[in-house]
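Structure record follows, encoded as structure tokens.
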Amino acid sequence: MKRKLFLFLIIGLAFSLLSLQPVQAAKVVFELDYLFSDSPPPADDPPWAQATFDDFDGAVDFVELRMLALNLADDEFIGQWYFNFSESIKATDLFFSIEPIATESDAIIDDLGVEQNFYKAGGDGYFDLLFDFQKSNNDTGRFTNGDEVVVHFNLAGLEAEDFNFLSSPTKGIGDEISTNGTFYSAAHIQAIGPGDESGWVAPNPNPNPNPVPEAPTMLLVGMGLIALAGFGRMRFKT
């Protein structure tokens, strides 16, 4: 009887602690750390870019996208950045929902494209959403290291998970199939090295197969181990 009571107390404590964890808004994060083009990589270590789609504290019909340039050296900059979205969303509706947000970054969005399976990223397949950034010969307006570009989407029923989709290997029936992708996102990094070459990067298609457990999961595991240890000790004494 005492053993059962002890186990129930441990399990109850674990779930009570979990219930105290703050509710987090849903996020989709892409770290672009994989070079998929036949070109030199950016000079510094990956990731070279990070994109976060955020439901923004659970706000209804509202998603925030933060695009961040990371570990770019010297004159390197992001020329284009590609994403995908759910086929259940009309491209025209999404286009008119987009609102660029002013930040301290000098990066300028030159053009914006929204059309299903239309925008080809280097040797990869076709994406649905394209941000085309300033490529002037001087640094003004370029998307360089440390810059962050923020965009808001305001569309009925929209969630961060609506952008968690792979590119299409072809644009249509009969097209040559991409051999590099598909990817959840892709970016074109330019002015790499002394030859001003460019490369295409994406999230690694083979991520870490053994991710570190999140805090609530580790808490449950820890409580379980404590319960087992206590149960074994009681059994040993009887």
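Every read-out reported here was derived from the displayed coordinates using simple, explicitly stated rules and does not represent laboratory data. None of these values were measured; they are calculated from a predicted model. When we count neighbours, we look across all protein chains shown, and the Cβ atoms used for this are built from the backbone with ideal geometry, even at glycine.
Could you calculate the contour length gain from GLU115 to ASP44, that is, 0.36 nm times the residue separation minus the distance between their Cα atoms, to one decimal place in nm? Kindly include the intermediate steps, with their values, before the conclusion.
Working: separation 71, 0.36 × 71 = 25.56 nm, distance 3.29 nm.
Going from the current span to full extension adds 22.3 nm.
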Self-check item: q = 0.24 Å⁻¹, segment 80-158: log10 I(q)/I(0) [Debye, one scatterer per Cα]
Solution: -1.18
Quiz item: For segment 56-72, in order, what is each residue's ³J(HN,Hα) by Karplus, 6.51 cos²θ - 1.76 cosθ + 1.60 with θ = phi - 60°, in whole Hz (x at glycine and Pro)?
Solution: 6, 6, x, 4, 6, 6, 9, 10, 10, 10, 10, 10, 10, 8, 10, 6, 9
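Would you work out the relative contact order for segment 24-216, in percent, from Cα pairs under 8 angstrom that are 6 or more residues apart?
Values: 498 pairs, mean separation 58.3, N = 193.
Averaging sequence separation for qualifying contacts and normalising by length gives 30 percent for segment 24-216.
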Exercise. Could you pull out which residues in segment 125-166 have an amide N less than 20 Å from a spot 7 Å beyond the Cα of PHE96, following the Cα-Cβ vector?
Key: 129-130, 152-159
